[in-house]
Amino acid sequence: MGKDNLTAVLYKINDLRLEQTEIPQPKDDEVLLEMSCVGICGSDVHYLVNGRIGDFVVTTPMIIGHEAAGVVSKLGKNVQNLKVGDRVAIEPGVPCRTCSFCKHGRYNLCREVIFCATPPVHGNLRRFYTHAADYCFKLPDHVSLEEGALLEPLSVGVHACKRAGVTLGSQVLILGAGPIGLVTLLVAKSLGATRIVITDLVQSRLDVAKELGADKTLLVDRNDDEPTLVKKVHALFGDEPDITIDASGAEASTRLAVLATRSGGTAVLVGMGPPEIKLPLVQALAREIDIRGVFRYVNCYPAALELVASGKVDVKRLITHNYDIKETHEAFETARTGRGGAIKVMIHCDRS
Ligand code: NAD
Ligand code: ZN
């Protein structure tokens with residue numbers, strides 16, 4: 001094994017450095033991974049540009065990256081489920097396993113979860129990284145490592161659709177056609193949603209949504225008032241959606257989620273916008289709209305992997321740009337600006 005462990009370390013706002021770090025040794029229940037690729041998530045860009053997300057603040061240098069896949073290069077002594085050479089997707093959050101949330105199967109709510117690149121926990125944009133072996137998912141030969149990395153956002157879509165109760169015949173409105181809105185679209189389709197309308201402010205993203213199977217798209221006009229927007233949405237459905245999933249985080253979308261959903265339906269909030277916003281709550285109350293939150297995913301990696309491995313879902317179209325780890329700054333610039341129609345920017349750690 002070479003000594004090179006090139007690593008992307010975020011020191012502070014707009015100060016991301018590539019430097020060598022020590023190759024870690026796997027603990028007994030961990031594996032050492034030779035990292036293959038890491039997708040850039042909106043949250044990574046947010047930490048770079050703002051140094052914080054809510055209460056999570058970058059106060060000490062933090063290795064960035066959490067949408068990743070790699071190849072097992074060394075086993076901790078207790079590891080049974082993997083062998084050297086296995087290609088794996090990495091579920092980036094490892095919970096405590098013993099608290100009541102973990103025991104009830106809602107480990108995404110565990111207060112002790114260690115989640116890659118959520119300060120102060122280091123992420124995995126580097127050549128070598130150690131991870132809990134049972135949070136690594138072996139990829140079948142025909143599933144690429146890039147697809148493995150995309151299981152992370154795809155799992156958010158799986159969890160959002162589960163929380164929303166998407167099922168055969170569902171009419172689903174998705175607000176926002178970024179990576180999260182698009183994976184939600186793919187999962188909703190695979191679950192049997194028969195009508196899916198997706199919105200965005202950017203036409204090129206809606207074009208991709210159409211390619212991925214959205215029935216109708218709506219380019220949101222910021223000048224439209226709310227009743228007009230609701231009318232447009234309902235006209236596109238020819239009905240009212242029974243489920244709305246906000247994947248934008250914009251206050252206007254969160255409000256629309258409540259206003260446009262059919263009485264008795266469900267509004268699921270995935271997008272993270274400002275911590276406090278104004279909502280038409282009496283509408284939600286009087287029309288019995290269930291508002292449900294989504295925090296990452298829980299027990300979703302196996303389903304996400306099955307969706308990809310079976311060919312039911314094709315996530316590859318989300319990747320618009322590829323960079324080498326040495327080009328990390330450029331990769332982040334592309335993700336930050338969205339230049340060149342960027343949707344998912346992938347960084348490869350094993351190409352140079
Ligand atoms: P993104 O910024 O790439 O996509 C958001 C999209 O929403 C953009 O295409 C934008 O043009 C669109 N948009 C903005 N305002 C809009 C409006 N008023 N109406 C319609 N569309 C609008 O981000 P992403 O990576 O796709 O993530 C989406 C959101 O989900 C972000 O807020 C992110 O923080 C959040 N997120 C939450 C979780 C969770 O666990 N809850 C996990 C991952 C991401
Ligand atoms: Zn726990």
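The values are calculated or read from the model by the stated rules, or taken from the named source; none is laboratory data. Model, not experiment: these values are computed from the prediction. Note: ideal-geometry Cβ built from the backbone for every residue, glycine included; neighbour counts use all protein chains shown.
Scan segment 95-108 for residues that are within 16 Å of ligand 1 (Cβ to nearest atom) and under 24 Å from LYS74 (Cβ atoms) and the total you get is 1. Among the candidates ILE63, ILE53, ILE114, the residue that is out of contact with any strand residue (DSSP E or B) (no Cβ under 6 Å at 6 or more places or on another chain) and under 29 Å from HIS348 (Cβ atoms) is uniquely ILE53.
Does any residue of segment 268-288 turn out to be more than 16 Å from ligand 1 (Cβ to nearest atom) and in contact with a helix residue (DSSP H, G or I) (Cβ under 7 Å, 6 or more places away or on another chain)? Yes, segment 268-288 contains at least one residue that is more than 16 Å from ligand 1 (Cβ to nearest atom) and in contact with a helix residue (DSSP H, G or I) (Cβ under 7 Å, 6 or more places away or on another chain). Scanning segment 275-295 for residues that are closer than 30 Å to ARG97 by Cα and either small (Gly, Ala, Ser) or surrounded by fewer than 19 Cβ atoms within 10 Å (Cβ to Cβ) (or both) turns up PRO275, ASP290, ILE291, ARG292, GLY293, PHE295.
Name the one entry in GLY271, GLY264 that is assigned to a loop (DSSP other than H, G, I, E, B) and out of contact with any strand residue (DSSP E or B) (no Cβ under 8 Å at 6 or more places or on another chain).
Values: GLY271 fails: out of contact with any strand residue (DSSP E or B) (no Cβ under 8 Å at 6 or more places or on another chain).
The conditions single out GLY264.
Just one of the numbered conditions (1) within 16 Å of ligand 1 (Cβ to nearest atom); (2) in contact with a strand residue (DSSP E or B) (Cβ under 8 Å, 6 or more places away or on another chain); (3) in the same structural domain as LEU33 (by TED's automatic domain parsing) is not true of GLN203: (3). If you take the residues of segment 109-135 that are away from ligand 1 (no atom under 15 Å from the Cβ) and hydrophobic (A, V, I, L, M, F, W, C), which of them is surrounded by the most Cβ atoms within 10 Å (Cβ to Cβ)? Residue satisfying both the conditions and the ranking: LEU125.
Can you tell me how many residues in segment 165-187 are in contact (Cβ under 8 Å) with a residue 40 or more places away in the chain and either within 16 Å of ligand 2 (Cβ to nearest atom) or in a helix (DSSP H, G or I) (or both)? Give the steps one after another, and end with the answer.
Quick first cut of segment 165-187, residues in contact (Cβ under 8 Å) with a residue 40 or more places away in the chain only: 165-166, 170-184, 186-187.
Still in the list and also either within 16 Å of ligand 2 (Cβ to nearest atom) or in a helix (DSSP H, G or I) (or both): 179-184, 186-187.
Counting residues in segment 165-187 that are in contact (Cβ under 8 Å) with a residue 40 or more places away in the chain and either within 16 Å of ligand 2 (Cβ to nearest atom) or in a helix (DSSP H, G or I) (or both) gives 8.
Filter segment 103-143 for residues that are away from ligand 2 (no atom under 16 Å from the Cβ) and assigned to a strand (DSSP E or B) and give the result. Answer for segment 103-143, where residues must be away from ligand 2 (no atom under 16 Å from the Cβ) and assigned to a strand (DSSP E or B): ARG126, PHE128, TYR129, THR130, HIS131, CYS136, PHE137, LYS138.
The residues of segment 288-345 that are within 16 Å of ligand 2 (Cβ to nearest atom) and out of contact with any Phe, Trp or Tyr (no Cβ under 9 Å at 6 or more places or on another chain), listed by number, are PHE295, TYR297. Just one of the listed residues (VAL308, VAL258, VAL298) is hydrophobic (A, V, I, L, M, F, W, C), under 21 Å from VAL183 (Cα atoms), outside the structural domain of TYR107 (by TED's automatic domain parsing) and assigned to a helix (DSSP H, G or I), and it is VAL308.
Being surrounded by fewer than 14 Cβ atoms within 10 Å (Cβ to Cβ) and either among the small types (Gly, Ala, Ser) or touching a residue at least 12 places away in the same chain (Cβ under 8 Å) (or both) is a property that ASP44 lacks. In segment 273-287, the residues that are under 15 Å from ALA260 (Cβ atoms) and modelled with pLDDT of 95 or more form Cβ pairs under 9 Å with partners that are acidic (Asp, Glu) and surrounded by 11 or more Cβ atoms within 10 Å (Cβ to Cβ), at six or more places apart or across chains, as follows: LEU279/GLU251; PRO280/GLU226; ALA284/ASP290. Filter segment 179-207 down to the residues that are among the β-branched types (Val, Ile, Thr) and surrounded by fewer than 22 Cβ atoms within 10 Å (Cβ to Cβ), then identify the one that is nearest to GLU240 (Cα to Cα). Per the criteria, the residue is THR194.
Filtering segment 139-159 to residues that are farther than 20 Å from ILE347 by Cα and more than 13 Å from the chain's Cα centre (by Cα) leaves PRO140, ASP141, HIS142.
Here GLY176 clears all of (1) surrounded by fewer than 24 Cβ atoms within 10 Å (Cβ to Cβ); (2) within 15 Å of the chain's Cα centre (by Cα) except the condition numbered (1). Do the conditions hold for LEU191, that is, is it touching a Cys at 6+ places or on another chain (Cβ under 8 Å) and either small (Gly, Ala, Ser) or away from ligand 1 (no atom under 13 Å from the Cβ) (or both)? Spelling it out, LEU191 is indeed touching a Cys at 6+ places or on another chain (Cβ under 8 Å) and either small (Gly, Ala, Ser) or away from ligand 1 (no atom under 13 Å from the Cβ) (or both).
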